[in-house]
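Report on one structure; see the data block that follows.
Rule-based calculations on the coordinates, nothing more; no lab input. Note that the structure is a prediction, hence the values are computed from the model and not measured. All Cβ positions, glycine included, derive from the backbone under ideal geometry; neighbour counts span all protein chains shown.
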Number of protein chains: 2
Amino acid sequence: MKLTSKGRYAVMALVDLARFDNINPVSLRDISLRQGISLDYLEQIFSKLKKNEIVKSIRGTQGGYVLNKNPNEIKLTNIFHAVDEKVKTVQCKKESKKGCNGKATKCVTHNLWDELEVHINTFFENKSLKDLLNNNQETRV
Amino acid sequence: MKLTSKGRYAVMALVDLARFDNINPVSLRDISLRQGISLDYLEQIFSKLKKNEIVKSIRGTQGGYVLNKNPNEIKLTNIFHAVDEKVKTVQCKKESKKGCNGKATKCVTHNLWDELEVHINTFFENKSLKDLLNNNQETRV
DNA sequence: TATAAACTTGACCATTTTAGTCGGGTATGT
DNA sequence: ACATACCCGACTAAAATGGTCAAGTTTATA
Ligand code: FES
Ligand code: FES
């Protein structure tokens, strides 16, 4: 079970953005330099964040990105959903009655993995960008 | 974030084993047929489970595997550790002061991912094979 | 109005991981 | 003896990951 860089980068970048976008739009170039993330990769990520209305873009010189919502309205769930970082604990189709490995019924551990998925998603549901900002000011001292 | 088949199979197989090993050793062939898991793959998995003293093997005809501990002493943590299914939420070295992407300090989200890792591991720590057996008898009705 | 900064889009790619397979063993109950 | 079942290591096809690259379009500002 590992968290992919795409998900990690998305959150890193948004925390960075949240810190600086009150002053003026933040360019991906700046985020790239500050966070050490490839610029080209960031562009892919922000394209998705924009489609999901988490950020707004301003084109042209002095342009960049700005948050499209308040930090406390942006949950990790929203961010992960935007960049397709999904929690997947089973192979079988959730809706179908069928189990994994082509079995006719759900396997002996299916409920367990379902529980696990809920457990993890709860964490993402309960964290917003704002939490990360506060948290970070604390550890900054 | 996805759970790999190796981890899922290990737990499936052990639940199967726990159900039948009071009578006599359970062969991988039987588990393979009942659970729909490749026999060759199961052998790799059980080799690790054995090294970690979660199961014992009996060779020869009528042989097979038996649990090496009580179901309530076998936690998901133990199983996952045995088959190298580890939870990994960060890229950076935990021990090092250095951050991800070669930065000198830990990044703005490091604490978050640490929390997440603990959150997930807590789930695995609190579930034993016994829980799965009980749970399953309930849903069997 | 020329220029450069910065977003936009889509294709491409190397590496790593996953989920196995395969081919040989060795031990042992009947 | 022989079939059953564990044991062990090498190999591999396919998918996912973590990017890169090329070719735009938009817009502030000098
Ligand atoms: S995981 Fe859903 S049926 Fe096995
Ligand atoms: S995740 Fe540990 S420093 Fe970024």
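Overview of results
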| quantity | calculated |
| --- | --- |
| Across the protein assembly as shown: Cys residues that no other cysteine approaches within a C-beta distance under 4.7 Å | A:CYS107, B:CYS107 |
| Helix-derived mean residue ellipticity, 222 nm - over chain B, DSSP H n ≥ 4, -39500 (n - 2.57), to 500 | -16000 deg cm²/dmol |
| Test item: Cα-centred dipole of segment B:5-139, Lys/Arg +1 and Asp/Glu -1 on Cβ, debye | 520 |
| Per-copy distances of the B:ASN121 label point, shortest first, in nm (7 angstrom along Cα→Cβ) | 2.6 |
| Förster radius 45 Å - calculated FRET efficiency between A:ASP30 and A:SER96 (Cβ-Cβ, nearest 0.05) | 0.45 |
| Ranked packing of A:31-39, A:76-84, B:9-17, most packed first, by mean Cβ within 10 Å | B:9-17, A:76-84, A:31-39 |
| Peptide A:120-127, shielding by other chains (average Cβ, 10 Å cutoff) | 3 |
| Listed residue pairs exceeding 20 Å between alpha carbons, taken from A:LYS75/B:LYS106; A:LYS51/B:LYS106; B:LYS2/B:LYS88; A:LYS48/A:LYS86; B:LYS75/B:LYS130; A:LYS97/B:LYS75 | A:LYS75/B:LYS106; A:LYS51/B:LYS106; A:LYS97/B:LYS75 |
| Position B:GLY36, label points 7 Å along Cα→Cβ, spacing to each other copy in nm (shortest first, one decimal) | 4.5 |
| Cβ crowding within 10 Å averaged over residues, with A:105-113, B:54-62 ranked highest first | A:105-113, B:54-62 |
| Label point 7 Å beyond Cα along the C-beta direction, distances from B:ILE58 to other copies (nm, shortest first) | 7.5 |
